[in-house]
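The values are calculated or read from the model by the stated rules, or taken from the named source; none is laboratory data. Because the structure is predicted, anything quoted here is derived from the model rather than measured. Methodologically, a virtual Cβ is constructed for each residue, glycine included, from the backbone with ideal geometry; neighbour enumeration extends over all protein chains shown. Areas reflect the complete protein model, heavy atoms only, side chains present, ligands, DNA and RNA absent. Shrake-Rupley method; radii C 1.70, N 1.55, O 1.52, S 1.80 Å.
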Amino acid sequence: MEAIERLSRGRRAALLMGPLLFAAILSVDAAHRDVILVDDPVAYFPLEELLGETTAKDASPGGFDGEFVYDASNAGPVPGVPGIGTNAVSFLGGTEPGFIRIPFRPELNPVAADGVSGGPFSAECWAQPLSHAGSGTYRVALAMFGPFGSGIYGNASGWNFYQHSPDGSGSYWILNMRPPVFLQAVSVPIVLLEWHHLAVTFDGTTVTFYINGEARGTSAAPGYLANNVADGQIGAGQNTGQAPFEGSVDEVAFYGHVLTAGQILAHYQSGTNSFRAEATAPGITQQPSPLTVFSGTTATFQVTATGTPPLTFQWRRNGAPVLGATNSSYTFLAVHPADAEARFSVVVSNPAGAVTSAEAALTVETGLEILRNPYSIIRRVGSHASFRVVADGARPIEYRWFEDGNLIPGETNDTLWLRAIPLSRDEAAYGVELRNPFTTVTSEAAILSVEPRLVEVSVNGYARLVMADAPVAYWRLDEPDSSNTATDAAGSFDGAYVPGNGTFEFRIPGGIPGDSNPSVGVSAGSVISIPHALELNPVSGPWSAEAWVRPDSLDPAQFRTVFSSMWNSDFGNHVFGWNVYQHVAGVWTLNLFNGGGSSTFVSDFTHNPIVPGSWYHMVITDDRETIRFHVNGSQVGSVPQAISRFAPNGLNGDPEVAGGATVFGQRSDNAFDPGDGALDDVAIYNTALTPEQILVHYQNAVRLGFQRSGAGVTLTWPFGTLEQGLEVGGPYSPVSDATSPFSVGADGAARFFRLRTE
């Protein structure tokens, strides 16, 4: 109610300024309105309403009026705030938000001649965000979005404009269309309290996203389906499952045709010349909150303020200005004791006045706490094994791992990796000592039980290349008919053949060049399921996943998962891990989950459309900076970790917090449709495979690598015997005791090398 009263006072002040100013404002607004109406919108909402009104008037001939839907306390939405021309409408966010409902009309959601696909359209609005929102949050400014699981398209329909904040300290705009097209304007950071003009055009095949009159993203949008069931919303997008908008929206328009780039630029330029001139002094709507953080971690103080832009901010520490701290949030590295009990405030100002926030105190703690101890495990001889400790406290944190009380040199990470474990380590105890600058704590010990390997899988041909790169797990999928177990040839992670409602076709021809080892066919929900393990889902180190996949059909209506390591912990709000699926548009897509309700998509448009009956070699690599997607030996897409915020499933192997299974042929939560085709030679690594390794696997070709090293060279090879000769035609003889990598000095003599792999 305070917000309403403040805005109401501002509105009364504007009216009392006199008829000349009021007439001038109306004339500017009328000029901008003409620019919109001349381009024949289907519906146009100038949003000039005042407090207490319940109808959002459509200024076009269509007469498709909207309805103000107020929140439970009648606090929002708030019409009558400064905007483009005269007024705009402010939205307050919250768990039960107020918004403007636009009743469903086919004219606002054009359909193509086939009656199913979405037809050409354009839409636009102005949006003024008040805050960047929380980490990983999406806020919806405008939506024409059909709900999930309804209408002609079971996985939602339509489109919306998102404001996305990856980490809470900044945000950018996203256009979302269904089937999924995410045009992310990462390079255009949102400036709080500034107006942004957003527009979308779709010509039936291609969508373009405009911000402030410029095209900021273009994409093919095959299979786009218009919303055909749901009302539109201004200031929210409840059907999207995302958060409502916090800020103002103005000048919303929809068109049944494609606006040109020139028309969109004209709308933007007209709007920028029509900002309401009334200046409102700043007011603080959300004060900085007291913070408690660990020493060595970042502290962020935030303020939310209103007032006529541009607003300026100056943060103060213990009453003194902080150099360079001039944004609505202030982030810095907090250190004990220098920052302990410091007090922070901010002065917000504009030409109409200034206001100082309340002070917020900073508490800097020095403790160190183990949240999850390493978990005891059972592994096989020759397998990898890993233990992880989860801790929080003052930074930096140092780790020292021990085996049976003896320090393990060089093991200084939160995860301990053991490779090729021998039977002699059975019942060995592993613990870790953690230190920060202030204290030391020691974990409980975890026990490693080592069992003999009951089934030895033949390693020949292509398998020798895979095993040379030390996979954590490797499933050849060459078992005989009616098998129940998919044996892990490298590790301790056997899978189960689970037919479900489908069937398996064992020992069918594979697709690896020059390799006769068979593969397995899956259909109608038959899957291979591997129980969750830390080794299959490294939390704080690099990893790779590899598979050969043959799709047997294309499905333009459903997404088909071919292999996956994801965990849907609560049916949509907290999803971890990754999966690869056939997109309805006929492209392979890697889906990366961030532990929240959203995900990042990397699609393979190189091999588009997917060819049924063809084999594809897929590799995902994560070097902890960039996640890359390779298909058939070439990188087809990538995304920085900082953008995807990828979060593996599970935590430290503890069954209390275990993640989902690794599944071939479906997602572990059985969402969407299962795969239809064949799978072969799936492997997981605790390293990021190099492009050279990936190409060698795809071509099934052993190569002798050469790398200059000083005046000489270094030779590398995955397996085999290194031979040398004095002539290119030989004869060649084995190089005594040569192992990869092998250094060859420069002595002036010509020598030739080759690799024998028999």
Practice task
Scan the strands (runs of 3 or more DSSP E) fully inside the range 621-689 and keep the ones with 1 or more residues being under 14 Å from the mean Cα position of the chain (by Cα).
Solution key: 626-631, 634-640
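Could you identify the single residue in Gln699, Gln693 that is touching a residue at least 40 places away in the same chain (Cβ under 8 Å) and touching a Pro at 6+ places or on another chain (Cβ under 7 Å)?
Numbers: Gln693 fails: touching a Pro at 6+ places or on another chain (Cβ under 7 Å).
The conditions single out Gln699.
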Fill in the blank from the handout: Only one of Phe571, Phe593 is aromatic (Phe, Trp, Tyr), surrounded by fewer than 22 Cβ atoms within 10 Å (Cβ to Cβ) and closer than 21 Å to Asn176 by Cβ, namely Phe571
Fill in the blank from the handout: If you go through His164, His197, the only one that is modelled with pLDDT of 90 or more, more than 22 Å from the chain's Cα centre (by Cα) and assigned to a strand (DSSP E or B) is His197
Exercise for the section: Output yes when any residue across the range 273-289 is at pLDDT 95 or above, of a type outside the set (Val, Ile, Thr) and either open to solvent by 70 Å² or more (accessible area, probe 1.4 Å) or in contact with a Ser or Thr (Cβ under 7 Å, 6 or more places away or on another chain) (or both), and no when none is. Expected result: yes
Practice task
Could you please find all residues in the range 217-236 being at pLDDT 95 or above and either among the charged types (D, E, K, R) or surrounded by 22 or more Cβ atoms within 10 Å (Cβ to Cβ) (or both)?
Solution key: Gly232, Gln233, Ile234, Gly235
Exercise for the section: Would you be able to tell me the number of residues in the range 38-97 that are in a strand (DSSP E or B) and not hydroxyl-bearing (Ser, Thr, Tyr)? Expected result: 18
Practice task
Filter the range 291-339 down to residues that are touching a residue at least 12 places away in the same chain (Cβ under 8 Å), open to solvent by less than 70 Å² (accessible area, probe 1.4 Å), assigned to a strand (DSSP E or B) and not polar (S, T, N, Q), then give me how many there are.
Solution key: 11
Exercise for the section: Please go through the range 172-189 and pick out each residue that is open to solvent by less than 10 Å² (accessible area, probe 1.4 Å) and under 25 Å from Asp250 (Cβ atoms). Expected result: Trp173, Ile174, Leu175, Asn176, Met177, Ala185
Exercise for the section: Tell me which residues, restricted to the range 453-481, are part of a loop (DSSP other than H, G, I, E, B), modelled with pLDDT under 95 and not charged (D, E, K, R). Expected result: Leu454, Val455, Val457, Ser458, Val459, Asn460, Gly461
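Okay, residues lined up against (1) surrounded by fewer than 16 Cβ atoms within 10 Å (Cβ to Cβ); (2) under 23 Å from Arg550 (Cα atoms):
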site	(1), (2)
Glu451	yes, no
Leu465	no, yes
Pro471	no, yes
Asp481	yes, yes
Thr487	no, yes
Ala490	no, no
Problem - Hits in the range 553-594 (condition: among the aromatic types (Phe, Trp, Tyr) and more than 24 Å from Gln242 (Cα to Cα)) - result: Phe563, Trp588
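Of these, Ile447, Ile421, which one is closer than 23 Å to Arg380 by Cα, at pLDDT 95 or above and open to solvent by 30 Å² or more (accessible area, probe 1.4 Å)?
The match here is Ile447.
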Exercise for the section: Name the one entry in Phe629, Phe672, Phe706, Phe605 that is out of contact with any Pro (no Cβ under 9 Å at 6 or more places or on another chain) and under 30 Å from Val735 (Cα atoms). Expected result: Phe706
Completion exercise
Of Gln582, Gln558, the only residue that is open to solvent by 30 Å² or more (accessible area, probe 1.4 Å), farther than 25 Å from Ala533 by Cβ and over 15 Å from the mean Cα position of the chain (by Cα) is Gln558
Practice task
Could you list, in sequence order, all residues of the range 98-146 that are of a type outside the set (Val, Ile, Thr), open to solvent by 30 Å² or more (accessible area, probe 1.4 Å) and over 25 Å from Ile211 (Cβ atoms)?
Solution key: Arg101, Pro103, Phe104, Arg105, Pro106, Glu107, Ala112, Ala113, Asp114, Gly115, Ser117
Practice task
Might you let me know whether the range 403-413 holds any residue that is β-branched (Val, Ile, Thr) and open to solvent by 50 Å² or more (accessible area, probe 1.4 Å)?
Solution key: yes
Exercise for the section: Name the one entry in Ala253, Ala226, Ala266, Ala230 that is in contact with a helix residue (DSSP H, G or I) (Cβ under 8 Å, 6 or more places away or on another chain) and in a loop (DSSP other than H, G, I, E, B). Expected result: Ala230
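For every residue, the table says whether it meets (1) at pLDDT below 95; (2) open to solvent by 10 Å² or more (accessible area, probe 1.4 Å).
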position: Ile620; (1), (2): no, no
position: Thr626; (1), (2): no, yes
position: Gln641; (1), (2): yes, yes
position: Ser644; (1), (2): yes, no
Practice task
Tell me which residues, restricted to the range 704-715, are open to solvent by 30 Å² or more (accessible area, probe 1.4 Å) and free of Cβ contacts under 8 Å to residues at least 40 places away in the same chain.
Solution key: Phe706, Gln707, Arg708, Ser709, Gly710, Ala711, Val713
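Going by the conditions given, is Ala547 surrounded by fewer than 18 Cβ atoms within 10 Å (Cβ to Cβ) and either over 21 Å from Leu418 (Cα atoms) or not aliphatic (A, V, I, L, M) (or both)? Steps first, please.
Working: surrounded by fewer than 18 Cβ atoms within 10 Å (Cβ to Cβ): no; either over 21 Å from Leu418 (Cα atoms) or not aliphatic (A, V, I, L, M) (or both): yes.
In short, no.
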